[in-house]
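Quick note: the coordinates plus some simple rules give every number you see, no bench work behind them. From a predicted model like this one, the values you see are computed outputs, not experimental measurements. Cβ coordinates were reconstructed from backbone atoms using ideal geometry, including for glycine residues, and neighbour counts include every protein chain displayed.
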Amino acid sequence: MLPRRRLTLAAALLAGKGLDAVSTVVVLSLSDSVRESVPLSRALMAAFGPVGGMAVLTVVTMVVVGLLAESGVLVDRITDGGTPDWYVPGLRATVYLGCATWFGLVGLWNLSHLL
């Protein structure tokens with residue numbers, strides 16, 4: 001089981017990406033004047049439908065960001081513990097929270113198209 005701190009960081013990422021995914025589906029379904037600009041999102045939504053495509057993209061995002069956030073552990077092992085004590089948890093928090101913030105802001109931007 002993941003430690004509480006990692007679960008909290010993953011939950012923050014899921015909240016941000018969730019807002020992005022939900023706002024994307026809502027805006028695309030309510031407005032004919034906007035379209036999804038990301039090719040991967042368009043392809044997944046074409047293959048699995050809007051909700052299914054965003055769900056798949058959310059899972060892919062969680063996995064990729066998780067791997068990037070945990071890459072500090074690999075760097076620490078490669079350098080035989082030569083990284084500062086703050087490096088691994090600092091990288092993890094920065095990646096998770098940075099991505100969560102980005103996706104949250106994108107979600108808010110998407111919703112602003114409805115105003």
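Annotation for Leu114 and Trp86: the two label points, set 7 Å from Cα along the Cα-Cβ direction, are 4.0 nm apart. In a DSSP loop and with at most 11 other Cβ atoms within 10 Å, the trypsin sites (Lys or Arg not before Pro) in region 12-75 are Arg35. Positive contributions from Lys and Arg (+1) and negative ones from Asp and Glu (-1), summed over other residues with Cβ under 15 Å from the Cβ of Ala46, come out at +1.
A Förster distance of 25 Å, applied to the separation of the beta-carbon atoms of Arg5 and Val60, puts the FRET efficiency at 0.60.
Per-residue ellipticity at 222 nm for the chain, helices alone: DSSP H runs ≥ 4 residues times -39500 (n - 2.57), over residue total, nearest 500 deg cm²/dmol? Numbers along the way, then the final one.
Working: 3 runs with 93 residues, N = 115.
Helices in the chain give a 222 nm mean residue ellipticity of -29500 deg cm²/dmol.
This model, with +1 at the C-beta of Lys and Arg and -1 at the C-beta of Asp and Glu, gives the chain a dipole about its Cα centre of some 160 debye. A dipole drawn for the chain from +1 and -1 charges on Cβ atoms has a positive end, and of Ala100, Val26, Pro3 the residue lying farthest that way is Pro3.
With equal scatterers on the alpha carbons only and no solvent term, can you work out the Debye log10 of I(q)/I(0) for region 10-109 at 0.12, 0.16, 0.18, 0.23 1/Å? Log10 I(q)/I(0), no solvent term: -0.47, -0.70, -0.82, -1.12.
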